[in-house]
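The values are calculated or read from the model by the stated rules, or taken from the named source; none is laboratory data. If you're wondering where the values come from, they're calculated on a predicted model, not measured in any experiment. Here Cβ is always computed from backbone atoms with ideal geometry, including for glycine, and neighbour counts include all displayed protein chains. Areas reflect the complete protein model, heavy atoms only, side chains present, ligands, DNA and RNA absent. Shrake-Rupley method; radii C 1.70, N 1.55, O 1.52, S 1.80 Å.
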Amino acid sequence: MATIGMGDIKKNVRLIIGEVPYKVVEFQHVKPGKGAAFVRMKVKSFLNGKVVEKTVHAGDKFEVPEITYKTMQYLYDDGESFQFMDQDTYEQMSLSYEQCDDASKWFKDGINVDIIFYKGNAISVTAPEVMELVITDTPPNFKGDTSSGSRKPATLETGAVVQVPYHVLEGDTIKVNTVDCEYLEKVK
């Protein structure tokens with residue numbers, strides 16, 4: 001298995017810390033006036049989605065996890081887990097609510113998601129980075145709500161809530177960045 005050191009740490013690099021696969025979300029190279037340089041990083045677990053801070057020193061080495069992605073179709077929530085289908089073999093797979101965590105607020109019948117596999121086992125799910133969704137609930141506009149940059153909450157058809165500009169109304173279809181949970185634009 002390949003290994004990486006302190007100099008190889010960058011955003012989105014995958015590494016194993018104590019048998020758990022992580023992805024680097026943030027990092028900062030620090031050169032103190034006294035002592036050796038080190039890297040302070042935030043890593044997100046592929047197993048439970050938790051973000052932790054770690055400090056890496058010059059001699060530290062990490063193994064690179066062999067993670068594979070498989071695109072599958074989201075079918076439904078059976079009350080205990082989420083059901084997915086392999087579009088090539090038509091085999092179905094279920095993943096627990098904990099495994100799907102943040103991605104589950106973007107699940108819509110029939111969408112394709114990436115299932116993440118580690119050591120042959122499905123461990124997590126990622127929703128498409130950009131989705132078009134319909135707004136099911138948002139407060140009405142009031143005269144004078146025109147200040148630029150102002151936002152209001154909007155509930156989407158999947159149950160997720162994002163901040164949208166005042167001109168966006170209930171029933172509109174919008175593009176959303178699912179990674180940052182942000183409104184991108186109104187769909188014409």
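A few remarks follow.
- Considering each residue of the stretch 116-137 in turn, at least one proves to be in contact (Cβ under 8 Å) with a residue 60 or more places away in the chain and not β-branched (Val, Ile, Thr).
- Restricting attention to the stretch 109-126 and to residues that are open to solvent by less than 70 Å² (accessible area, probe 1.4 Å) and not hydrophobic (A, V, I, L, M, F, W, C), the residue that is farthest from the chain's Cα centre (by Cα) turns out to be Gly120.
- Residue within the stretch 29-43 that is over 26 Å from Val176 (Cα atoms), open to solvent by 80 Å² or more (accessible area, probe 1.4 Å) and in contact with a strand residue (DSSP E or B) (Cβ under 6 Å, 6 or more places away or on another chain) present: yes
- Failed condition for Glu129, given (1) loosely packed, with under 14 Cβ neighbours inside 10 Å; (2) more than 17 Å from Cys181 (Cα to Cα); (3) of a type in the set (Asp, Glu): (2)
- Leading residue by the ranking (least open to solvent (accessible area, probe 1.4 Å)) among those in the stretch 44-61 that are modelled with pLDDT under 90, within 21 Å of Cys100 (Cα to Cα) and not aromatic (Phe, Trp, Tyr): Ser45
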